[in-house]
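Enquirer: This is the structure I have questions about; it appears just below.
The values are calculated or read from the model by the stated rules, or taken from the named source; none is laboratory data. Predicted model, so just to flag it, every value in this text is computed and none were measured. Here the Cβ is made from the backbone with ideal geometry for all residues, glycine too, and neighbour counts use every protein chain on show.
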Amino acid sequence: MDVIKTWNFLKGYVIIKVEGLTLERFLNLAATKDIYLWDINRVGYTTLEMKATIQGFKALKEIVKRVGCRVEIVDKRGLPFILYRLKHRKMLAFGFFIFIGVIIFLSSLIWNIEVIGNEKVRTEDILKVLEKEEIKNGIIKYKIDKDYTKHLLLNEFDTFSFLSIEIKGTKLIIEVKEQDLPPEKIDMDAPCHIIATKKGVIVKAIAKNGKAIVRKGDVVKKGQILITGSISDEYSEEQILVHAEGEVLAKTVYNYRLDEPIVKTIKEETGRVYERRELKVGQKGIQFSKGEIPYKDYIEEVKEVKLFNVDVDLPIKILVHQFKEVEKKELKQNIDFLKQSTHIKAVEELNKQLPENVQIESKDVKYYVKDGILSTYVTLEVIEDIGQKAVINMN
């Protein structure tokens, strides 16, 4: 598709507006004659807007006479028209080629370094390591040794299990994957308690070392000692500190609530589009507008104009803001289907919260309707090991 757009730009094309009552016949005859038309938009009931090559536009004259439509050129685009305008303007032509040279130079530099996938290591720390090697904004991208940079970061940060480096346009993208490090193990010689990681009702407490101080049916809270590593000596008043070992199973509860409107408002595009262009330099931009947006309800899409259809990320950008008119419509959803879909979504979200090796005891689902909103409550009761070792403070 990019090759076709580039070819059309080099050969030149026109944006035309076709008006008449036989638009479908016009398009059918154009297809029969193998006339290439693209980006066809219905502007009104009797008006179409589209793009055509210069040769295609000339070939449309015969069809226009046959169907009785009226064709008007809205704009002329492409390299032939640019060169024609520059033909009698030498200074403008000189400036144009200087501009092209500046664009080519700027496109050979790195303007943005993006780090993806890091959670434990800060992006600032990664950028500092790169900066020591002169890899920063403004560097010529052909000077970057990807293999060297990859090994540099892997050696610097032990938490990285995978790292890839890619250059897209003027952006350097560093994607990392961090290791899931297990919790820090406590030395077996260090005295410790086993404490609760969350609130729950004790189902079973087995102490392999130390002493269980909770029993079946006890309600415990987060941080409470379950198996103590401090044991009284039966022959003296001294406390013996040991490394507690054991398993504490408890019944815990997981909840999730999902709200969904019964009457849903959807937006349908009418086909009418209003455009504004913006010149953006860094974070600041200037919009060129001919007036207010003519639609009450619309959705906005922003597209970047690529010079010669080349994907480069430059500090100077030309953006096109498209405001697409929409009509709001209310759609009443089937309540039974809505209950089923929200139930499935809520269970999926709960499953993301559940740790491994849990035993689901029960599931409860409740629905409430208030102010046109269906609220779905899902509650899971599970049995899991809530014990976690905590070093005893010797002081």
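Enquirer: Restricting to the range 42-58, name every residue that is of a type outside the set (D, E, K, R) and more than 18 Å from Arg77 (Cα to Cα).
Expert: Answer for the range 42-58, where residues must be of a type outside the set (D, E, K, R) and more than 18 Å from Arg77 (Cα to Cα): Val43, Gly44, Tyr45, Thr46, Thr47, Leu48.
Enquirer: How about the range 201-234: which of its residues are out of contact with any Cys (no Cβ under 9 Å at 6 or more places or on another chain) and at positive phi?
Expert: Within the range 201-234, Gly217, Gly223 qualify.
Enquirer: Assuming Arg89 fulfils every condition listed in (1) modelled with pLDDT under 85; (2) touching a helix residue (DSSP H, G or I) at 6+ places or on another chain (Cβ under 7 Å) apart from one, which condition is it?
Expert: It fails just one condition, (2).
Enquirer: Taking interchain pairs and intrachain pairs at least six residues apart, which have beta carbon atoms under 6 angstrom, with the first residue in the range 119-133 and more than 17 Å from Leu163 (Cα to Cα) and the second assigned to a helix (DSSP H, G or I) and modelled with pLDDT of 85 or more?
Expert: Going by the 6 Å Cβ cut-off, there are no qualifying pairs.
Enquirer: Return a yes/no flag: does the range 178-186 have any residue that is more than 31 Å from the chain's Cα centre (by Cα) and surrounded by 11 or more Cβ atoms within 10 Å (Cβ to Cβ).
Expert: There is at least one residue in the range 178-186 that is more than 31 Å from the chain's Cα centre (by Cα) and surrounded by 11 or more Cβ atoms within 10 Å (Cβ to Cβ).
Enquirer: Continuing with this model, one more query. Considering only residues that are over 16 Å from Glu269 (Cβ atoms) and in contact with a strand residue (DSSP E or B) (Cβ under 7 Å, 6 or more places away or on another chain), look in the range 284-302 and name the one that is modelled with the highest pLDDT.
Expert: So the residue we want is Val302.
Enquirer: Take the range 191-219 and flag every residue that is in a strand (DSSP E or B) and free of Cβ contacts under 8 Å to residues at least 40 places away in the same chain.
Expert: Hits for the range 191-219 are Ala207, Lys208, Asn209, Lys211, Ala212, Val219.
Enquirer: Inspect the range 248-255 for any residue being more than 29 Å from His343 (Cα to Cα) and not aromatic (Phe, Trp, Tyr) and give the result as yes or no.
Expert: Checked against the condition, which is being more than 29 Å from His343 (Cα to Cα) and not aromatic (Phe, Trp, Tyr), the range 248-255 yields at least one hit.
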